[in-house]
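**Student:** Below are the structure tokens for one structure; questions will follow.
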Amino acid sequence: MQTESSPFEPLICINRIDETADATTFEFKKIDDSLFEYKAGQFLTFEVDVAGELEYRAYSLSSTPSKPETAAVTIKRVAGGKVSNYLLDNLQPGFALPAMAPAGEFTLQDNQSTTELLLMSAGSGITPCMSMARWLLDTQQQVNIHFIYSARSEADVIMADTLDALNEQYDNFSLTRILEQTGNPNDIQGMLDAPLFEKLIPDNRGRTIFTCGPAPYMQAVEHLAESMGFDMALFHKESFVPEAADETSESGVNYQVAAPQYGKNFVVDENQSLLDALEAVGVPIISACRTGFCGACKCKVTGEVESSSQETLTPEQIEQGYVLSCSAKAGSDLVIEI
Ligand SMILES: Cc1cc2nc3c(=O)[nH]c(=O)nc-3n(C[C@H](O)[C@H](O)[C@H](O)COP(=O)(O)OP(=O)(O)OC[C@H]3O[C@@H](n4cnc5c(N)ncnc54)[C@H](O)[C@@H]3O)c2cc1C
């Protein structure tokens, strides 16, 4: 259970399933056996101690909220990545891992949606789409799901057995796997492009699209959907990688910032995020997605700030001066409380 002082709750790993050579599903339960509460598409932010340094990373839940006794995330190794490799190499059943409450707005409930759905993912981006499909099918909702998944080869298809089982069990679920290399006649060989998209979805441009995957993949899906006349109010995407920092931004006006809890007084540039500035002077602030989605880097500010995201903040918190430090820049001298 989370406490007033810590937003983290230890989850116990109870199972690990190797999905591919470089992706593993970890299943968790709560220490007191209480139930998980989340929306399909949300993520957990874990605190991971890697060689004495605390790291924070977000992982989308791949399980369904309709089976709340346990919850699962599926993690793919990133070449040279600190936390993904650490967890795949070290996290075993019986170990505890601190996690924040589920968060995120890439959900069916938080977005405009229809009963005809395209769940389009690539690589590890399958996780939130899998949770949505599992939840919709398990709760017998009157929907039609076309699940389109892209990967390099058959060996890279994450949760392949689950996809096959859903495809077999449900008439309202259809699966298309697009693989760069495949010998399987049920797969489409190649990459998603306009002719293939047109062939797969010849009609009904009024479907809801949820997409998740590497940035170039999502850009391609968005571009194709837009150019083919889909209703873009029904297009929703989730990014796992922070957008590249704007390296062209020039230095601008400086403001004084005080973080009295940590005895820090420092100068911040108006173009710098408060998170970067706090980290630079050694304030121990938690961060995960760094893109204004997860809410981990929330802090309370007195003074003027310009915020590009207020996701996860309640109207009361905004009223009280809370900001997401990754998405906030100073507009005056500030006092910050973590
Ligand atoms: C909302 C959200 C949900 C996420 N859900 C999942 C999930 O379900 N499964 C999953 O495996 N990951 C997921 N991620 C990504 C995850 O949080 C980590 O970023 C990822 O595991 C890499 O962390 P790392 O410590 O191994 O790499 P780092 O040490 O942080 O980074 C190493 C290098 O890899 C690059 N990099 C970081 N992340 C990625 C990435 N995803 N793909 C390619 N290059 C990357 C970095 O820019 C850096 O150059 C999610 C991220 C967000 C923001």
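The values are calculated or read from the model by the stated rules, or taken from the named source; none is laboratory data. Remember, predicted model here, so these are calculated numbers, not experimental data. Quick reminder, even Gly has a Cβ in these numbers, built from the backbone with ideal geometry, and neighbours come from all protein chains shown. Side chains included, ligands, DNA and RNA excluded: accessible areas come from the protein's heavy atoms. Shrake-Rupley method; radii C 1.70, N 1.55, O 1.52, S 1.80 Å.
**Student:** Out of the residues in the range 95-118 that are under 13 Å from residue 60 (Cβ atoms) and part of a strand (DSSP E or B), state the one that is nearest to the ligand (Cβ to nearest atom).
**Tutor:** 103
**Student:** A follow-up question, please. Here are some residues: 228, 218. Which one is within 23 Å of residue 175 (Cβ to Cβ) and either surrounded by 13 or more Cβ atoms within 10 Å (Cβ to Cβ) or within 14 Å of the ligand (Cβ to nearest atom) (or both)?
**Tutor:** 218
**Student:** Scan the strands (runs of 3 or more DSSP E) fully inside the range 261-338 and keep the ones with 3 or more residues being away from the ligand (no atom under 16 Å from the Cβ) and either buried (at least 16 other Cβ atoms within 10 Å of the Cβ) or β-branched (Val, Ile, Thr) (or both).
**Tutor:** Here the list reads 264-269, 298-302, 328-330, 334-337.
**Student:** Just wondering, is there one or more residues in the range 27-38 that are under 15 Å from the mean Cα position of the chain (by Cα) and surrounded by 14 or more Cβ atoms within 10 Å (Cβ to Cβ)? Give the steps one after another, and end with the answer.
**Tutor:** Within the range 27-38, the subset under 15 Å from the mean Cα position of the chain (by Cα) is 38.
After this cut, where a residue has to be surrounded by 14 or more Cβ atoms within 10 Å (Cβ to Cβ) as well, the list is 38.
Yes, the range 27-38 has at least one match.
**Student:** Return only the number of the condition from (1) open to solvent by 60 Å² or more (accessible area, probe 1.4 Å); (2) under 25 Å from residue 61 (Cα atoms); (3) under 26 Å from the mean Cα position of the chain (by Cα); (4) not acidic (Asp, Glu) that residue 163 does not satisfy.
**Tutor:** Single failed check for residue 163: (1).
**Student:** Next up: Quick one: which residue in 94, 52 is surrounded by fewer than 18 Cβ atoms within 10 Å (Cβ to Cβ) and more than 30 Å from residue 166 (Cα to Cα)?
**Tutor:** Exactly one of 94, 52 is surrounded by fewer than 18 Cβ atoms within 10 Å (Cβ to Cβ) and more than 30 Å from residue 166 (Cα to Cα), namely 52.
**Student:** Can you name the strands (runs of 3 or more DSSP E) wholly within the range 41-82 that have at least 2 residues being within 6 Å of the ligand (Cβ to nearest atom) and closer than 17 Å to residue 107 by Cβ?
**Tutor:** Here the list reads 53-60.
**Student:** Answer yes or no: is there a residue in the range 132-144 that is of a type outside the set (Lys, Arg), over 23 Å from residue 70 (Cβ atoms) and open to solvent by less than 30 Å² (accessible area, probe 1.4 Å).
**Tutor:** The answer is yes, given that some residue of the range 132-144 is of a type outside the set (Lys, Arg), over 23 Å from residue 70 (Cβ atoms) and open to solvent by less than 30 Å² (accessible area, probe 1.4 Å).
**Student:** Turning to a different aspect of this structure: Of all residues in the range 15-24, count the ones that are more than 10 Å from the ligand (Cβ to nearest atom) and open to solvent by less than 70 Å² (accessible area, probe 1.4 Å).
**Tutor:** Within the range 15-24, residues that are more than 10 Å from the ligand (Cβ to nearest atom) and open to solvent by less than 70 Å² (accessible area, probe 1.4 Å) number 4.
**Student:** Which of the residues that make up the range 50-72 are modelled with pLDDT of 95 or more and acidic (Asp, Glu)?
**Tutor:** Across the range 50-72, the qualifying residue is only 69.
**Student:** Looking at residue 73, is it among the aliphatic types (A, V, I, L, M), touching a Leu at 6+ places or on another chain (Cβ under 8 Å) and farther than 18 Å from residue 132 by Cα?
**Tutor:** no
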